[in-house]
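The structure appears right after this line, and notes come after that.
Please treat every number below as a calculation from the coordinates, not as lab data. Being a predicted model, the structure only gives us computed values, none of them experimental. Here the Cβ positions follow ideal geometry from the backbone for every residue, glycine too, while neighbour counts run over all protein chains shown.
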């Protein structure tokens, strides 16, 4: 069993550009939550509603905001952004990554018509179809499929089980049933993107589907054909964006939310969890449409009230 990693607080302060209050030679060997800490733990306080938990914490050190009033109970790393500092330290304590570049697993299937940089990681049971292009330092984990016409720019990570470049949902109704519309566009994925597990992103019908630089997608996200998602956007789990929606930069979307097709959303928009966007958004800001859960009888009364308001 590998020996646990350990760091002095002086080392962590230097790596994270934090200000240290307390014993610079204090050694910590694990990162923990406030309530489950030990005497060799470092923990973090990024939300003041959890401050009361510090009274019963065993942690040796706490990452806090610069305006936090320190005392003698702990050693402190003070920083502008405790959550970001926690993220940096989590990378130090993580086990060594077995995802080494270059590597292509023997079980992967790669089309002769695909173009792949020498320095990539392609995990077990990955399929890379025709006209796909994979650039330097791309990581594609196991059981992913790049169906066709997918380009992935450098330093992008695709998590397990994701399907990219699949057919969009395009059918023309006729008297004899539905006629399938051939999907002739591509899927373009930018640099420094991370796509979670079991996501599906369709290639375009005519124009391309585009995921711009710095986008992060959680698990189980569906992006339909011809959608454009702007730089540095973040979408939580179980969200869906319908065809031909155009999303601006710095978009943030809470879980179980959706955007209807052919809508335009401007830059710097945040959408709360379980919200459906049904019209264009032209003004930056926070948008939410949650109806809190109620007992059935209370909901029946509320729905009558809502209907009256709409008249």
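Under a 10 Å cutoff between Cα atoms, tell me which one of 293, 114, 172 has the largest fluctuation in the Gaussian network model of the chain.
Among 293, 114, 172, the largest GNM mean-square fluctuation belongs to 293.
If each of residue 38 and residue 70 carries a label point 7 Å out from its Cα toward its Cβ, how far apart are those two points in nm?
About 2.5 nm, to one decimal.
Residue 80 to residue 252: extension gain in nm, 0.36 nm per residue of separation minus the Cα-Cα distance?
Extra length from residue 80 to residue 252 when fully extended: 59.8 nm.
Taking 7 Å along the Cα-to-C-beta vector as the label spot, tell me the residue 179-residue 58 distance in nanometres, rounded to one decimal.
Roughly 7.1 nm, to one decimal.
Given Cα pairs under 8 Å that are at least 6 residues apart, what percent is the relative contact order of the chain?
7
Among 212, 296, which comes first, second and so on when ranked by fewest other beta-carbon atoms within 10 Å?
296, 212
Suppose we take every Cα in the chain and form the convex hull; what volume per residue is that in Å³?
Values: hull volume 66.0 nm³, N = 311.
Taking only Cα atoms, the chain has a hull volume of 212 Å³ per residue.
I'd like the FRET efficiency for residue 282 and residue 101, computed as 1/(1 + (r/R0)^6) with the beta carbon distance as r and R0 of 41 Å, rounded to 0.05.
With a Förster radius of 41 Å, E is 0.45.
Just from its helices, what would the mean residue ellipticity at 222 nm be for the chain, if runs of 4 or more DSSP H residues each count -39500 (n - 2.57) and the sum is divided by every residue, rounded to the nearest 500 deg cm²/dmol?
Details: 3 runs with 34 residues, N = 311.
After summing the helix terms and dividing by the residues of the chain, the value is -3500 deg cm²/dmol.
Would you work out the relative contact order for region 103-287, in percent, from Cα pairs under 8 angstrom that are 6 or more residues apart?
Once normalised by length, the contact order is 11 percent.
I'd like the orientation of helix 296-309 relative to the chain: the angle between its Cα long axis and the longest Cα principal axis, in ° from 0 to 90, rounded to 10.
Approximately 60 degrees, to the nearest 10.
Quick one: of the DSSP bridges fully inside the chain, what percent are antiparallel, nearest 5?
Values: 9 of 72 bridges.
Of the beta bridges lying entirely in the chain, close to 10 percent run antiparallel.
What percent do you get for the relative contact order of region 7-93 when only Cα pairs under 8 Å and 6+ apart count?
Normalised by residue count, the contact order of region 7-93 is 29 percent.
Using a ≥ b ≥ c from the Cα gyration tensor of region 115-274 (square roots of the eigenvalues), is it rounded, prolate or oblate, where a/c under 1.5 gives rounded and otherwise the larger of a/b and b/c decides, a/b for prolate?
oblate
If R0 is 30 Å, what FRET efficiency do you get for residue 172 and residue 109 from their C-beta distance, rounded to 0.05?
Calculated value: 0.40.
Using the alpha-carbon centroid of each, what span in Å lies between region 189-219 and region 1-62?
Their Cα centres are 36 Å away from one another.
For the chain, modelled as a Gaussian network with Cα springs under 10 Å, which listed residue fluctuates most, 264, 71, 218?
71
Among the DSSP beta bridges whose two residues both lie in region 166-255, what percent are antiparallel, rounded to the nearest 5?
Of all bridge pairs located within region 166-255, approximately 20 percent are antiparallel.
Choose one answer from 247, 134, 206: the residue with the largest mean-square fluctuation in a GNM of the chain with alpha-carbon springs under 10 Å.
In this elastic network of the chain, the residue with the biggest mean-square fluctuation among 247, 134, 206 is 206.
Give the order of 171, 21, 68 when sorted by the count of other beta carbons within 10 angstrom, beginning with the fewest. Walk me through the intermediate numbers first.
Details: 171 11, 21 20, 68 17.
By the 10 Å Cβ count, ascending, the order reads 171, 68, 21.
What is region 7-93 by shape, rounded, prolate or oblate, if you read a ≥ b ≥ c off the alpha carbon gyration tensor as root eigenvalues and call it rounded for a/c under 1.5, prolate for a/b larger than b/c, and oblate otherwise?
Details: a/c = 1.28, a/b = 1.15, b/c = 1.12.
Taking the square roots of the gyration eigenvalues as a ≥ b ≥ c, region 7-93 is rounded.
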